[in-house]
Amino acid sequence: IQAARDRNYRITILQKINVFQALSDIQLRAAADTMEELFLQNGDVLMNQDDVGDAFFVLEEGQVEVTRKVNARNNSEVPRVLCRLGKNTHFGEISLMTEEPRSATVTICSPTANDQR
């Protein structure tokens, strides 16, 4: 019963994201079944600017900070904080769909974060 509840919860999340609204019920179930739950700590980097996009993320709880450098390879450059995202937000889908490198770094900035990937 827990697996069915988890699947239904994940389908509900996906249905709220514009990119997934055109999917059929079968496609939504398949996408929901591939999602993984991650438990992360404050300071953990979820993705780095210029990484290859191989997943998108739904933040179930906690907060993340999104930062960007003008030159990601410049180790002395201080990244600029673009925003903070909180509970029930999603990110990373653009890089996944376009196959472009990640445009920003995302770091956990709360004591705990429960993330669906």
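A few remarks follow.
- The stretch 87-101, subset acidic (Asp, Glu) and modelled with pLDDT under 90, residue least open to solvent (accessible area, probe 1.4 Å): Glu93
- Residue within the stretch 82-97 that is assigned to a loop (DSSP other than H, G, I, E, B), touching a residue at least 24 places away in the same chain (Cβ under 8 Å) and more than 23 Å from Lys16 (Cβ to Cβ) present: no
- Among the residues of the stretch 5-42, those identified as in a helix (DSSP H, G or I), modelled with pLDDT under 90, among the charged types (D, E, K, R) and surrounded by 11 or more Cβ atoms within 10 Å (Cβ to Cβ) are Asp6, Arg7, Arg10.
- Some residue of the stretch 48-62 being of a type in the set (Asp, Glu), in contact with a strand residue (DSSP E or B) (Cβ under 7 Å, 6 or more places away or on another chain), part of a loop (DSSP other than H, G, I, E, B) and surrounded by 13 or more Cβ atoms within 10 Å (Cβ to Cβ): yes
- Taking the numbered list (1) modelled with pLDDT under 95; (2) crowded, with 18+ Cβ neighbours inside 10 Å in turn, Ala104 passes all entries but (1).
- Residue check for Glu65: at pLDDT below 90, acidic (Asp, Glu), in a strand (DSSP E or B) and out of contact with any Gly (no Cβ under 9 Å at 6 or more places or on another chain): no
- Taking every residue in the stretch 17-36 that is over 20 Å from Arg5 (Cβ atoms) and pairing it with any residue that is open to solvent by 60 Å² or more (accessible area, probe 1.4 Å) and hydroxyl-bearing (Ser, Thr, Tyr), at least 6 positions away or on another chain, yields no pair with a Cβ-Cβ distance below 9 Å.
The values are calculated or read from the model by the stated rules, or taken from the named source; none is laboratory data. Everything quoted here is computed from the prediction, not taken from an experiment. In this analysis, Cβ positions are derived from the backbone assuming ideal geometry, glycine residues included, and neighbour counts consider all displayed protein chains. Quick note on the areas: whole protein, heavy atoms, side chains included, nothing else; ligands and nucleic acids left out. Shrake-Rupley method; radii C 1.70, N 1.55, O 1.52, S 1.80 Å.
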